[in-house]
Each structure stands twice: as structure tokens, then as C-alpha cells.
């Protein structure tokens, strides 16, 4: 790659530490990785969809805000001397919707510390000035088909890795970006170090997967792990992930020595499956990745080698995440205890909504746009799958979430939520946080835009840098892969028994807009056919019928003995505006793991022995 200013590296392995999975991630991560990780790069992912809506509101209050201030004050300020001394380069999308302000704040920190620091900035993702032009093309929401909203307050394209790599090529020691895909902060370092070209698709796909594995911090090292007992003793000192990457695209996942957590096929496998949609067509700006033949191999204690990723040309478009004002919301919670707590809670919620609707009508305020009642402690997330004990809970939290177009209506709701404390059920806890708060809803509107319409700017210390650009043929997103036969390698003769899915597999779930992903990885290859036979699309759709209003798809990853379910239209519009208790589908996997799976008694007996050896106190659970 002929980037201006690029230096030839002799190092054949680059170590990249993933220091942040979201804005607000633990302050332990960057210090641990800098001081004990022996890393070349420290990368940060701050920008979830919900985070962007928070930054939009921050910039509305203060034009100099709109970036992840924690990055400057809590990470770089205390660690900059060590980062500089160790020659560690830093890449972060902490710029949010104001990368220039973030870079200026960091420059002040470096100046105060007497440290010379070359800072790169990647901009161009902010398309708000083009909103009217884009609207006039008839652009609709890419998932729901909804028309363009009345007005946008932000619009940011998900950029790729090559602009960040250009800043590194020009000598940047820290690169601050706005919106980019989560994995780009990792892939950019590899493009720069190994000279990968825009058409090195297999390499770019492999680097994307490396970034995907470490982008959520300790979710790759045993955090949020199904087999939590394997790592519970290390929760207080979890190790953060490091990707050891090589020029051929292969990489190994590890963590700093003497830290908690676990690097294994199942712990890393859960993260690979996390929020990937169709694994044969994982789309990022630089490449379309195919993860279906990925192979995971334990290469040492807390070391896992990853290979088998392939890629093909990218699409001609960027995805854009836009936001707009969409009314107001409020949430009222109260604790109820004692006899018939669940029944009392339901009556209380219905009465409060009925009462406020009557007051709305008297004042011509119109009805609620949406309401949701959650009886927390009574398996409210489980719908029809709740067990018989749920209704007998003697202590619950009643949470009532509401949305309305008019703030005045929710001010009335807020007053009445506390005003009825002497009017209704016994056993209600008083006190707490006072009246429910009212907040504006910043809703998401996603769409696609041709890459030629996005003007990317890369600067290092104020000087413009050229970016490598892909000039080949574009790809379309792949159609669904051919499914494996359900009965493949299933032996159904002889005695069959049922075991909960958790005995046969681990799983992890998460959101993408209004869709949920649930990744499932078999504990051993011989179990996968039985899992697939028992876990078809219809069963999963029925199980989550209290949430899902769209389609359910199943995708296979035979290289990992795994599969991914995609549930569409199941999150009440997505995390920024949803009234669901679990607005980001983080609990779906735990629910799915209760589904019974049929398998031969001989296999079930072996599973029971394995559980007994692992957890002697749980010998009756398998």
C-alpha cells in the first residue's frame, strides 16, 4: 500500500487491546491493558445507537459538547505519559458527533502535561447538512420502510477503516473519529501495519472479525458468559481482550496475565455470534464478511486461535444512523409486597392509566401513544413461558412506561403516579426518587446512502491526508444461505430424553435496531444436530411470540458448530425509543436456553457426568 508517510514494519504480530465496549465501560480496562498488556494499540468503541442520542442532546445544550468526555478526562489524562513512553497508539470513536472538540480537548491535556502528541481526526460522517437533499430523493427507513421524519437532529454515516489508517500513515499517535463501524478501530491498525489494500477482502474480513471480538471488552473473556460459574471468582479483576494479529489475517485472542476471565472456544464463540445477523454476509463499509467457516482452536491456556474468515467486495452504500424528536416518555416504578402482590400490581397499573386517560380527555390532550406495564419479580419478560410460581411472587416492582406527543400530558401522569399513593393498594413502598422524570424521545431512522455522496476528511495536526479508496466492482448483500438439514447425523433410534438447551449449548443475545440476535454454539459437535432438530424457526417464533411481530430466520455457522437466530420487529422500535423492559434483547438468550432438546439417553447421560465433574453440587441439574 503506497500511503504517504507509511513506515515499513518488521513486526509480524501486532497486539491490539480492546479497552471499551460502550461509553461508560470500566476505567480499569485502559490502565490494565497499558500497564500489563504489552500492546501496540489501544482501541475504544464508545458509540452505541443509544449513545448517539445522548450525545445529540448534549450538543443541543452545549455546542462544544457531543463527544465522550470520559475518553479525555478519565483515560488519556492519567495514562498519556505511559502511553507515550511505551509507544502505544490509540484509536477511538470518542469524537461522537463532535470529533474536532474532542481532539482540541485532548490537545490541551497533552499541552498541560508537556507531551508532544500528533492527533488525527476523521470527519465526514456527519450528514445533517445534507438532510434536505437526501430527503428529496425519496429515501425511506431501511428496515421498516417508514417515510422521512419531519426533521432530523443528527445523521451520521458508519465509516470504515481506511480513513483511520490514513491518519496513522501520516504519523498520528492518536486518531479520533466520529461514527464508524465498531470493528473499524481495530481493522484500521492492521491496514496500516500490514499494508492491506482495499481489495484484500479475506484479510479485511479477518481484521473485521478480530475487531468484532474485542469491541465489547470482556464479553470476549468471560463477561456475560453462559457458564458464569467458570469465571465468577475473577469478576473483580476481569482481563480485557487482546487480539494478536498477523499479516495473513489469522489472529489469537488472549488477555493480560494474572487477570480473571476465560479465553475458550465457548467464551470467544459467544462474542463472535453476538449481533451478527446473517453470518455469511456481515456487512461493513470495507468488505462483506463470511464467518460461516470460522474455526476456533485452543492454542494454550487462555489463548484461542481464530481462522477461516473470508470476504468479498463491499457494497456501494454506507449505512446512516439518523435521529429525530419523537415525543416524550416517562417511567413510574413502585414496589409492592405482601399477599397477592402480582394481582395488586396489575390492578394498580390499569387504574393509573385509566385515571390519567380520563384526565387527558378532560383537557383535550389526546391518548397515550404507547404504554407498557412490567411486573418485575413475576417473570414479566417471559410472557406465556413464565412458570407457575410467577403469579405467587410476594414482592414485585411495578414499572409503568408511557409515551405521549405532549409533554404536558406526561407532567400530569408524573403527578398522578405519586398522587395516588393513598388511593390504591396496600403494601406499597413509599419514598424513593420522587415524581417520575419526563424525557424527550430521540428516535432512530436508518437509511443507506451512496458512498460517493459522503465526503470524508482526514487531518493530522491540521494537515489533510489522502485516503485509499476502493475502485473495484461492488457487491450486493448475499441471499440467505442454504440451510443444513435438521435431521443430519441425528440418531433417533433407542431411548430419547429431553434436556434444557443450556446443557447442550451456550448462547448470547443482543439488538440491532428493532431486531434481536440470539447466537447458539454447541458444547460439542455431536450435539449440534439435536439442537437444530429441536430449535427450528417456528419454535423460536412461538417461544418469543409475546415480543416478535416480524420474521424469524436461522443461519448456520458449521465451522463453529453454531447458529444464529434473527428476530425482526421485536423491540418496539429499538433501544432509543422502546418501552420494553429489555429494550436491547440482552435477556433473550437466557430465556432460549430453557427450551428442551430431545437427544439419545446415552448422550444425555454423558452430559450429566460432565456437569457432575464440573459442578459437584449440581449433579441433579442435568
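For every residue, the table says whether it meets (1) within 27 Å of the chain's Cα centre (by Cα); (2) within 27 Å of residue 210 (Cα to Cα); (3) not assigned by TED's automatic domain parsing to the domain that holds residue 23.
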position: 73; (1), (2), (3): yes, no, no
position: 81; (1), (2), (3): no, no, no
position: 90; (1), (2), (3): yes, yes, no
position: 114; (1), (2), (3): no, no, no
position: 131; (1), (2), (3): yes, no, yes
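For region 32-47, a residue qualifies if it is without any contact (Cβ under 8 Å) to a residue 60 or more places away in the chain and more than 17 Å from residue 14 (Cα to Cα), and exactly one does: 46.
Could you check residue 198 against (1) in a loop (DSSP other than H, G, I, E, B); (2) surrounded by fewer than 21 Cβ atoms within 10 Å (Cβ to Cβ) and say which number it fails? It fails just one condition, (2). Mind checking whether some residue in region 543-550 is part of a helix (DSSP H, G or I), surrounded by 23 or more Cβ atoms within 10 Å (Cβ to Cβ) and either assigned by TED's automatic domain parsing to the domain that holds residue 382 or touching a residue at least 24 places away in the same chain (Cβ under 8 Å) (or both)? No, that holds for no residue. If you go through region 363-375 and keep only what is surrounded by 17 or more Cβ atoms within 10 Å (Cβ to Cβ) and either more than 19 Å from residue 403 (Cβ to Cβ) or in contact with a helix residue (DSSP H, G or I) (Cβ under 8 Å, 6 or more places away or on another chain) (or both), you end up with 365, 368, 371, 373, 374, 375.
Going through (1) closer than 21 Å to residue 241 by Cα; (2) in a loop (DSSP other than H, G, I, E, B); (3) touching a strand residue (DSSP E or B) at 6+ places or on another chain (Cβ under 8 Å) one by one, residue 171 falls short only on (1). Name every residue in region 16-49 that is surrounded by fewer than 24 Cβ atoms within 10 Å (Cβ to Cβ), at pLDDT below 95 and assigned to a loop (DSSP other than H, G, I, E, B), in order of residue number. If the condition is that a residue be surrounded by fewer than 24 Cβ atoms within 10 Å (Cβ to Cβ), at pLDDT below 95 and assigned to a loop (DSSP other than H, G, I, E, B), then 22, 23, 24, 25, 26, 27, 48 are the ones that fit.
Scanning region 215-244 for residues that are in a helix (DSSP H, G or I) and under 19 Å from the mean Cα position of the chain (by Cα) turns up 217, 218, 219, 220. Residues that are in a helix (DSSP H, G or I) and touching a strand residue (DSSP E or B) at 6+ places or on another chain (Cβ under 9 Å) were ranked within region 377-399; the one that is farthest from residue 545 (Cα to Cα) is 390.
Only a single criterion out of (1) within 15 Å of residue 125 (Cβ to Cβ); (2) buried (at least 21 other Cβ atoms within 10 Å of the Cβ) is not satisfied by residue 76, namely (1).
Only one of the numbered conditions (1) assigned to a loop (DSSP other than H, G, I, E, B); (2) crowded, with 22+ Cβ neighbours inside 10 Å; (3) modelled with pLDDT of 95 or more is not met by residue 578, and that is (3).
Matching residues to (1) in the same structural domain as residue 256 (by TED's automatic domain parsing); (2) surrounded by 21 or more Cβ atoms within 10 Å (Cβ to Cβ):
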{"residue": "306", "(1), (2)": "yes, yes"}
{"residue": "309", "(1), (2)": "yes, yes"}
{"residue": "321", "(1), (2)": "no, yes"}
{"residue": "333", "(1), (2)": "no, no"}
{"residue": "336", "(1), (2)": "no, yes"}
{"residue": "339", "(1), (2)": "no, no"}
{"residue": "345", "(1), (2)": "no, yes"}
{"residue": "350", "(1), (2)": "no, no"}
{"residue": "355", "(1), (2)": "no, no"}
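Only one entry in 114, 120, 96 is under 30 Å from residue 439 (Cα atoms) and either without any contact (Cβ under 8 Å) to a residue 24 or more places away in the chain or surrounded by 16 or more Cβ atoms within 10 Å (Cβ to Cβ) (or both), namely 96. Going by the conditions given, is residue 332 at negative phi and in contact with a strand residue (DSSP E or B) (Cβ under 7 Å, 6 or more places away or on another chain)? Taking the combined requirement at face value, the residue satisfies it.
Taking the options 304, 352, 365, name whichever one is in a loop (DSSP other than H, G, I, E, B) and in contact with a strand residue (DSSP E or B) (Cβ under 8 Å, 6 or more places away or on another chain).
That would be 365, the only listed residue that is in a loop (DSSP other than H, G, I, E, B) and in contact with a strand residue (DSSP E or B) (Cβ under 8 Å, 6 or more places away or on another chain).
Check whether at least one residue in region 435-449 is over 21 Å from residue 57 (Cβ atoms), outside any helix (DSSP H, G or I) and at pLDDT below 95, and report yes or no. Taking every residue of region 435-449 in turn, none turns out to be over 21 Å from residue 57 (Cβ atoms), outside any helix (DSSP H, G or I) and at pLDDT below 95.
The values are calculated or read from the model by the stated rules, or taken from the named source; none is laboratory data. Just so you know, these numbers come straight off a predicted model, no measurement behind them. Counting neighbours? That spans all protein chains shown, and the Cβs are built from the backbone with ideal geometry, glycine included.
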